[in-house]
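To start, the structure under review is shown below, and the notes come after it.
Derivation of every value follows stated rules applied to the coordinates shown; laboratory data play no part. On a predicted model such as this, the values are computed, not experimentally measured, just so you know. Here the Cβ positions follow ideal geometry from the backbone for every residue, glycine too, while neighbour counts run over all protein chains shown.
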Amino acid sequence: MTNDAQPDEHGQALLPAVNSYTEWDPLREVVVGSLLGGVFPDWQDSMVHVVPDAARPVFQELGGSPLPAGHLKAAEEELEGLVEVLEAHGIAVVRPDAAEHQASFRTPHWSAAGGLYAGMPRDLLMVVGDAIVEAPMSWRCRHHEVDAFRSLIKSYFRRGARWLPAPRPQLTDELYRTGDDAGDWAVTEFEPVFDAADFLRFGRDLIVQRSHVTNEFGIDWLRRALGPEFGVTVIDTDDPHAMHIDATIAPLAPGKLLVHPERYVPHEIFDGWEILPAPAPTLPQDWPMYFCSPWVSMNVLSLDPETVVVESQEEPLIDALTAWGFRCVPVDFRHVYSFGGSFHCVTLDTVREGGPARYLSRPGGA
């Protein structure tokens, strides 16, 4: 099924309501998240593999409590700065609805002191062609996070997009492994779960990593939901704390892949691609990081195959990308870093120019 473009009053072809096949085609419309009203996540043991050590007691003591007001205000100002930059490049920006993240909630099996935020739409939603996929996330505090984006999804559906919500998981104890053994993934195969940010799109092909929030059951569900029109390939990464692939691999243009110098594991699917190891991040060691490592620095956003948005103080990365032929658009974003993501994480590219194509070598010659 396709979402065919209709001509405008001048006879020019319009893109469908939702159209995004890659991470780099020219960007026309994007959702930018909001951290307003965000709270610390309610601790669950499966977080032990991915949350920085210093943040664990914070989550355990302050789950459901508001995020630090001053730092949050600065992060929201940075998000507004990103919106201004995107609009200055002629890109339409849409935002999520306000939501009450501090409200507690429960199911018949468990309860949560609060939600999280609506700051990282890339974690819970993915556009594949003309379809919006809702991810079945494994953190209990994120069980209702998609509600802030629900009116947007319904609007896209009414204008012709496909809507593929994964089965909402029960998130009972059977889903989680106990103990502190980093050799095992935090989630079992009890039911399908995945975060959308563990996937990257390359036209007719997607790649995905198995992680502490994404299991094989979830990957198989998405593979069947998309059908034979798309290939989904699982790749290995060298990351014992794996959660979200977009700080390990960042495709910036056809044939150009920015990678984490230690986590990236070569794969035949990238045969013929240029590989650039990202320079080390410049974030000060004492900068508060509640959710992730400073390597979120390589979580850039492609506006087109020649242009990327990069954090303004990551000068070694800007120099490396410039030497590689890219035009870098610097934007201050360090306060957003603290809350678990950067430019790729806080956005959902709903409309990009271009259509389905093959960019990757097919494993086994397929």
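In order along the stretch 53-69, the phi-based Karplus estimate (6.51 cos²θ - 1.76 cosθ + 1.60, θ = phi - 60°) of 3J(HN,Hα) comes to 3, 5, 8, 4, x, 5, 5, 5, 8, 10, x, x, 8, x, 5, x, 4 Hz; Gly and Pro are listed as x. Rounded to the nearest whole Hz, the Karplus-based 3J(HN,Hα) values (6.51 cos²θ - 1.76 cosθ + 1.60, θ = phi - 60°) of the stretch 78-86 follow the sequence 5, 4, 5, x, 4, 4, 4, 5, 4, with x at glycine and proline. Listed values for the stretch 312-325 are Karplus-derived 3J(HN,Hα) couplings in whole Hz (6.51 cos²θ - 1.76 cosθ + 1.60, θ = phi - 60°), namely 5, 9, 8, 5, x, 5, 4, 4, 5, 5, 4, 5, 7, x, and x replaces Gly and Pro.
Mean separation of Cα pairs under 8 Å and 6 or more residues apart, divided by the residue count, gives the chain a relative contact order of 23 percent. Close amide H contacts of LEU258 (hydrogens built in the peptide plane, cut-off under 5 Å, sequence separation of 5 or more or a different chain): ALA250, LEU252, LEU276.
Which whole-number percentage describes the relative contact order of the stretch 76-144, with Cα contacts under 8 Å and a sequence gap of 6 or more? Computed value for the stretch 76-144: 19 percent relative contact order. Between the amide H of ARG162 and those of ALA131, ILE132, distances stay under 5 Å, these residues lying 5 or more places away or on another chain, with hydrogens modeled in the peptide plane. Sparse packing (at most 14 other Cβ atoms within 10 Å of the Cβ) combined with a DSSP loop state is found for none of the trypsin sites (Lys or Arg not before Pro) in the stretch 182-214. Over the chain, DSSP H runs of length four or greater, each weighted -39,500 (n - 2.57), average out per residue to a 222 nm ellipticity of -5000 deg cm²/dmol.
Rounded, prolate or oblate for the stretch 225-275? Axes are the square roots of the Cα gyration tensor eigenvalues, ordered a ≥ b ≥ c, and the cut-off for rounded is a/c under 1.5. It is oblate, given that a/c is not under 1.5 and a/b is not larger than b/c.
Protection proxy ranking, highest mean first, for peptides 153-166, 130-143: 130-143, 153-166, where packing is the per-residue count of other beta-carbon atoms within 10 Å, averaged.
Could you tell me the relative contact order of the stretch 232-357? Use alpha-carbon pairs under 8 Å, at least six residues apart, and round to a whole percent. Provide the component values of the computation, followed by the final result.
On the way: 180 pairs, mean separation 27.8, N = 126.
Relative contact order, the stretch 232-357: 22 percent.
With all pairs of different C-alpha atoms in the average, the Kirkwood value for the hydrodynamic radius of the stretch 174-254 is 13.3 Å.
Under a 5 Å amide H to amide H cut-off, with H placed in plane at 1.01 Å, what residues pair with VAL310 once short-range neighbours are removed? Correct list: VAL329, VAL331. One Cα centroid belongs to the stretch 102-116, the other to the stretch 291-362; the line between them spans 33 Å. On a per residue basis, the convex hull of the C-alpha atoms belonging to the stretch 93-195 measures out at 129 Å³. The mean of 1/r over all distinct Cα pairs in the chain, once inverted, gives the Kirkwood hydrodynamic radius of 20.7 Å.
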